[in-house]
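S.K.: Please see the structure below; I have some questions.
The values are calculated or read from the model by the stated rules, or taken from the named source; none is laboratory data. Computed from a prediction, not measured in an experiment: that's the story for all the values here. Positions of Cβ are backbone-derived with ideal geometry, glycine not excepted, and every protein chain shown enters the neighbour counts.
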Amino acid sequence: MRVLSGIQPTGPFHWGNYFGAIQQYVDLQDQAAEAYYFIANLHALNTVRDREKLQEYTLNGAIDLLALGLKPEKAVLFVQSDVPEVSELCWLLLTGTPMGLLERCVSYKDKMAKGLKADAGLFTYPVLQAADILAYDSNIVPVGEDQIQHIEVCRDIAGSFNHHFGETFVMPKAKVLDSSARVPGLDGEKMSKSYNNTLAVFDDVKAQRKQIMRITTDSRPMEEPKNPDGDVLFDLYKLVATESQVADMTALYARGGFGYGEVKKALADAAETYFAEARERRAAWAARPDDVRDVLKSGAAKARAKAAATLARAQSACGAKGY
Ligand code: TYM
């Protein structure tokens with residue numbers, strides 16, 4: 001089994017990224033024969049239009065992934081743009097991709113619906129993502145729910161290429177966790193940088209506590225039982241608390257007689273404990289940026305070898321090689 005996933009360096013990673021995707025990366029690096037994880041800096045160029053910021057977020061993204069448990073000896077960790085073969089493969093795929101398939105993709109459709117102008121980069125974004133996935137003959141793609149549509153598009157593109165030019169690409173499958181497919185943000189909507197409702201994984205502990213304290217809750221009186229269903233505080237607590245802490249909180253909700261302030265404090269405490277080790281590892285990696293660059297360099301070399309073989313196969317299949 002070959003696993004692959006990518007994450008955009010558009011700013012600090014948040015709980016949605018971690019519980020929806022990164023946690024799966026870490027678990028799967030032990031189970032997969034090969035695991036490829038990359039920082040999708042070419043995708044991020046669609047939104048980060050600042051040279052220094054993109055560079056900073058890219059390196060920081062790698063530091064975060066290492067801190068959160070990716071092991072260079074188990075997983076191939078690299079930066080998307082260090083594998084130019086993927087961009088070449090993207091062109092081959094673009095030539096057979098119907099406009100209608102991309103017009104239906106949510107990120108483009110949403111922008112259009114808001115009357116905003118979209119770049120060709122945003123429109124063709126899912127094709128670059130398909131190239132990312134197909135270049136490594138990936139079987140499993142661990143992601144959050146919001147990426148399922150993109151994996152479906154990738155399967156469509158691969159299927160029609162295989163149909164037209166003969167079996168060339170491996171069909172990938174998305175892997176989504178039931179418990180954290182769509183982590184809610186501070187306002188109850190999907191946690192997302194574009195909604196400004198995120199809890200950053202490595203935010204300063206005090207700042208994070210303040211943010212948690214500001215989460216709005218319903219106005220049930222103290223003494224009444226509370227409903228955990230659809231309650232953002234409870235949903236977030238479940239992610240970072242231990243099983244017995246969750247059981248205690250469930251009982252407390254059923255009984256009532258407490259204020260949401262207590263839950264917020266419990267959430268902030270549990271989050272601090274949950275990420276404490278990763279925070280230490282982060283400080284250690286951040287102090288050695290050249291070691292991180294070395295990890296990325298050797299990851300890119302491995303990724304390139306794999307992607308080059310797939311590109312050559314696809315070029316031969318469609319006649320872009322061997323004349
Ligand atoms: P990105 O950078 O938006 O998000 C990275 C990963 O985090 C997941 N995620 C969430 N999961 C649960 N709840 C949330 N609130 C939440 N927010 C984000 C995303 O589903 C994703 O798995 N297009 C991709 C990057 C990409 C990629 C790829 C992914 C480029 N090439 C190839 C897989 C395979 C993206 O924008 O993810």
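S.K.: Given the criteria closer than 22 Å to Asn197 by Cβ, out of contact with any Lys or Arg (no Cβ under 7 Å at 6 or more places or on another chain) and modelled with pLDDT of 95 or more, does Trp91 qualify?
M.R.: Numbers: closer than 22 Å to Asn197 by Cβ: no; out of contact with any Lys or Arg (no Cβ under 7 Å at 6 or more places or on another chain): yes; modelled with pLDDT of 95 or more: yes.
Here the answer is no, as Trp91 does not meet what is asked.
S.K.: Follow-up. Kindly check whether there is at least one residue in the range 75-98 that is within 22 Å of Asp146 (Cα to Cα) and more than 16 Å from the ligand (Cβ to nearest atom).
M.R.: Yes, some residue in the range 75-98 is within 22 Å of Asp146 (Cα to Cα) and more than 16 Å from the ligand (Cβ to nearest atom).
S.K.: Follow-up question, since we're still on this one. Please specify each residue of the range 24-46 satisfying the condition of being near the ligand (Cβ under 10 Å from one of its atoms), part of a helix (DSSP H, G or I) and closer than 18 Å to Asn139 by Cα.
M.R.: Gln24, Tyr25, listed by residue number.
S.K.: Run down Leu116, Leu101, Leu128 and say which single residue is assigned by TED's automatic domain parsing to the domain that holds His164, surrounded by 13 or more Cβ atoms within 10 Å (Cβ to Cβ), more than 15 Å from the ligand (Cβ to nearest atom) and of a type outside the set (D, E, K, R).
M.R.: Numbers: Leu116 fails: surrounded by 13 or more Cβ atoms within 10 Å (Cβ to Cβ); Leu128 fails: more than 15 Å from the ligand (Cβ to nearest atom).
When all the criteria are applied, what remains is Leu101.
S.K.: Pairs, please: C-beta under 7 Å, at least 6 apart or cross-chain, first residue assigned to a helix (DSSP H, G or I) and in the range 301-315, second exposed (fewer than 15 other Cβ atoms within 10 Å of the Cβ) and at pLDDT 95 or above?
M.R.: Correct list of pairs: Ala312/Lys321; Gln315/Lys321.
S.K.: Continuing with the same structure: Quick one: is Gly20 touching a residue at least 40 places away in the same chain (Cβ under 8 Å), surrounded by fewer than 22 Cβ atoms within 10 Å (Cβ to Cβ) and within 11 Å of the ligand (Cβ to nearest atom)? Steps first, please.
M.R.: Numbers: touching a residue at least 40 places away in the same chain (Cβ under 8 Å): yes; surrounded by fewer than 22 Cβ atoms within 10 Å (Cβ to Cβ): no; within 11 Å of the ligand (Cβ to nearest atom): yes.
No, not satisfied.
One line per residue, one yes/no per condition, for (1) crowded, with 18+ Cβ neighbours inside 10 Å; (2) near the ligand (Cβ under 8 Å from one of its atoms):
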{"site": "Leu134", "(1), (2)": "yes, no"}
{"site": "His150", "(1), (2)": "yes, yes"}
{"site": "Gly159", "(1), (2)": "no, no"}
{"site": "His163", "(1), (2)": "no, no"}
{"site": "Met171", "(1), (2)": "no, no"}
{"site": "Thr198", "(1), (2)": "yes, no"}
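S.K.: Conditions first: (1) touching a helix residue (DSSP H, G or I) at 6+ places or on another chain (Cβ under 6 Å); (2) assigned to a loop (DSSP other than H, G, I, E, B); (3) charged (D, E, K, R); (4) more than 14 Å from the ligand (Cβ to nearest atom). Arg182 passes all but one, so which condition is the exception?
M.R.: Evaluating Arg182 over (1) touching a helix residue (DSSP H, G or I) at 6+ places or on another chain (Cβ under 6 Å); (2) assigned to a loop (DSSP other than H, G, I, E, B); (3) charged (D, E, K, R); (4) more than 14 Å from the ligand (Cβ to nearest atom) leaves (4) as the failure.
S.K.: Against the condition at pLDDT below 95, over 17 Å from Tyr36 (Cβ atoms) and of a type outside the set (D, E, K, R), how does Gly188 come out, does it pass?
M.R.: Working: at pLDDT below 95: yes; over 17 Å from Tyr36 (Cβ atoms): yes; of a type outside the set (D, E, K, R): yes.
So Gly188 passes the test.
S.K.: Is one or more of the residues making up the range 97-105 touching a Pro at 6+ places or on another chain (Cβ under 9 Å), in a helix (DSSP H, G or I) and modelled with pLDDT under 95?
M.R.: Start the filter on the range 97-105 by keeping residues that are touching a Pro at 6+ places or on another chain (Cβ under 9 Å), which leaves 97, 101-102, 105.
Going one step further and asking which of them are in a helix (DSSP H, G or I), we end up with 101-102.
Still in the list and also modelled with pLDDT under 95: none.
The answer is no; no qualifying residue exists.
S.K.: Using the structure shown, decide if Phe169 is in a loop (DSSP other than H, G, I, E, B), assigned by TED's automatic domain parsing to the domain that holds Tyr57 and over 22 Å from the mean Cα position of the chain (by Cα).
M.R.: Working: in a loop (DSSP other than H, G, I, E, B): yes; assigned by TED's automatic domain parsing to the domain that holds Tyr57: yes; over 22 Å from the mean Cα position of the chain (by Cα): yes.
Here the answer is yes, as Phe169 does meet what is asked.
S.K.: Any residue at all in the range 47-61 that's under 27 Å from Phe123 (Cβ atoms), near the ligand (Cβ under 10 Å from one of its atoms) and small (Gly, Ala, Ser)?
M.R.: Looking for residues that are under 27 Å from Phe123 (Cβ atoms), near the ligand (Cβ under 10 Å from one of its atoms) and small (Gly, Ala, Ser), one finds at least one in the range 47-61, hence yes.
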